[in-house]
Amino acid sequence: MTASIAQEFYKLRDEWQTIDSLQTWKLAVWVAEYPDVDIIDKFLEIERSPVGTFNDLFFRFDSEYKGNAADFEVLLWEEFLSWFNDCPHPELDMYTALVNSGLLTQPFQPDRTLQPGLTSLWQELLRFRACIKDIDKHTHFCLYFPVVLYHTHNIAVWLKKVLNGVPKEIRLVTIDFAQDRRVKLKPSAPCVYLYPKLNMLDAVKNEMKKDCGNYNTVDAEARFTRQIIEVMESTTKDKGKTTPKEIHKLFSIVREMHSPAAQTGSWMVAAQAYYAIRDVANSHVYTDKAIAASAEAMQQQDTAGYPVWKSCMMLKAALLYGEKKRKAALEVYEQLADTAAAYGDAYTVMEGRRLAGHLHYELKEANTAFEYMLLALSAGAYLEPPVRRQSTFLHAAYMAVFLAKRVRNAEQEEELQAQLAEWLGEDWEALLQQEGVGHAKIKRKTSII
């Protein structure tokens, strides 16, 4: 059977159905593969909305557990109180939605004089639950705690600590990574594990193909979109032997379309495909073609030009780096960062400066490398805090700390550390020491895009 996103979603509903009527559990853990986390999150968000299927009432807590249970429980209490604050966006106002839908037997406001913490949270959640019209003893409040990537402290520690004290009317829900299990309670614990067997990679791919027609259609644009998928899939089959043939098919479709944008896009796809099969010469050729064409589009104020241009500039720098042409790659990163700044693209400015900093480090220019890492961090400071904590901002921060110990004095190191605490949070040091950041090699690999 062909996988689809809808099909995978209904698998999640079927999986939840197996535990919905059970009265014996207090914690449900979705044990998920990395590609499946997003759709599980969406499933829980839908259950939180008026169109949810199951009787339990779902609520979401976004507070992050940072290793201290008492502090976390204060954050949960404050987040709960915020549900009942005046909301500037009516479409996001949970309490007003309940009032307007007639689901409350009486108005409810939490007792804000209570001591912040878990005891107060359970007490007020139960009092709030008692205000829900026609609620029965089998309808629970399900509290969803989303998985947090790139975080040293896992909420599993807190869940194990509090689980036995959770009131019978309340349930907890979270997600755990199948490849890195953290939530492992004893068999006697009131916990259920859900192991959805999903095929999200094929589902997403089929969704992309769904409206692309087939090779017999007269719609060249549909065939173009489908052929892009065929080109990229060919790079993973038979060592890419069919990739040149699929690229030529793509070019033949473009000639039918008489579209400069499609032409530029096809060159970018060809450049990336040849890079994937390590045909550096052809990747260079099509990268340069795409850069020239997209730069011309940018000059003509075509908004489609910049995204293609920056992707190809990153690829060009990777090609040059692979050929050990570090200074030439540096020039590309400089141009990339400067142009991204003009477009207000903070993330790409950060990446351009960060990667240039790595090159200066490899060229044994530690002072310059440190300055570039500071420039990368300054650009990344314009990103939202969650993005900083889940992106290569962490790598720039790690390198800045690493280099500061070599080229700056103790006072300057302390200034940097204070700034990182502001940008990343007080747990910045632990955050940088996690797998993939603190344990990463200082020297980059060839694949840097």
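Across every pair of non-identical alpha carbons in the chain, the mean reciprocal distance, once inverted, gives a Kirkwood radius of 25.7 Å. In this structure, residue 245 and residue 378 have a Cβ-Cβ separation that, at R0 = 56 Å, corresponds to a calculated FRET efficiency of about 0.75.
So, R0 is 22 Å and r is the distance between the beta-carbons of residue 338 and residue 367; what FRET efficiency does that work out to, to 0.05?
Details: r = 21 Å, r/R0 = 0.96.
Result of the calculation: an efficiency of 0.55.
Rolling a 1.4 Å probe over the protein heavy atoms leaves residue 354 with an accessible area of roughly 20 Å². Using heavy atoms of the protein chains and a probe of 1.4 Å, the accessible area assigned to residue 14 is about 100 Å². Among the chymotrypsin sites (Phe, Trp or Tyr not before Pro) in region 118-150, none is located in a DSSP loop while being surrounded by at most 10 other Cβ atoms within 10 Å of its own Cβ. Taking amide H as placed 1.01 Å from N in the peptide plane, the amide H of residue 194 sits under 5 Å from that of 29, 30, 31, each at least 5 places away or on another chain. Only protein atoms count toward the accessible area here, which uses a 1.4 Å probe; on the chain, the carbon and sulfur part of that area reaches 52 percent. For the chain, the longest principal axis of the Cα atoms and the long axis of helix 326-342 meet at an angle of about 60 degrees.
What dipole magnitude, in Debye to the nearest 20, does the chain give about its Cα centre under +1 on Lys/Arg Cβ and -1 on Asp/Glu Cβ? Could you put the intermediate results ahead of the total?
Numbers: 52 positive and 60 negative charges, 347 e Å.
In total the dipole reaches around 1660 debye.
The simple Förster model, with R0 at 45 Å and r as the Cβ-Cβ distance, assigns residue 21 and residue 347 a FRET efficiency of 0.50. Of the residues 289, 324, the one with the largest accessible area comes first in the ranking 324, 289, computed with a 1.4 Å probe on protein heavy atoms.
Ignoring everything but the protein chains, give the 1.4 Å probe accessible area of residue 176 in square angstrom, nearest 10. Its heavy atoms expose roughly 10 Å² to the probe.
When only C-alpha pairs under 8 Å and at least 6 residues apart count, what is the relative contact order of region 266-388, in percent? Working shown, then result.
Values: 142 pairs, mean separation 18.0, N = 123.
Over region 266-388, the number comes to 15 percent.
Contact order for the chain, expressed relative to its length and based on alpha carbon pairs under 8 Å spaced 6+ residues apart, stands at 13 percent. Size of region 247-357: Rg and Dmax of its alpha carbons, in Å, are 14.1, 44. Size of region 105-172 from its Cα atoms: along the principal axes, largest to smallest, the extents are 43, 30, 22 Å.
Each of 421, 328, 104 was scored by the projection of its Cα onto the charge dipole of the chain, and the greatest displacement toward the positive side belongs to 328; charges sit on the C-beta of Lys, Arg, Asp and Glu.
The values are calculated or read from the model by the stated rules, or taken from the named source; none is laboratory data. In this text the structure is predicted, and so the values were computed from the model without any measurement. Positions of Cβ are generated from backbone atoms using ideal geometry, with glycine treated the same way; all protein chains shown enter the neighbour counts. Ligands, DNA and RNA are stripped out before the accessible areas are found, and what is left, the full protein with its side chains, is counted by its heavy atoms. Shrake-Rupley method; radii C 1.70, N 1.55, O 1.52, S 1.80 Å.
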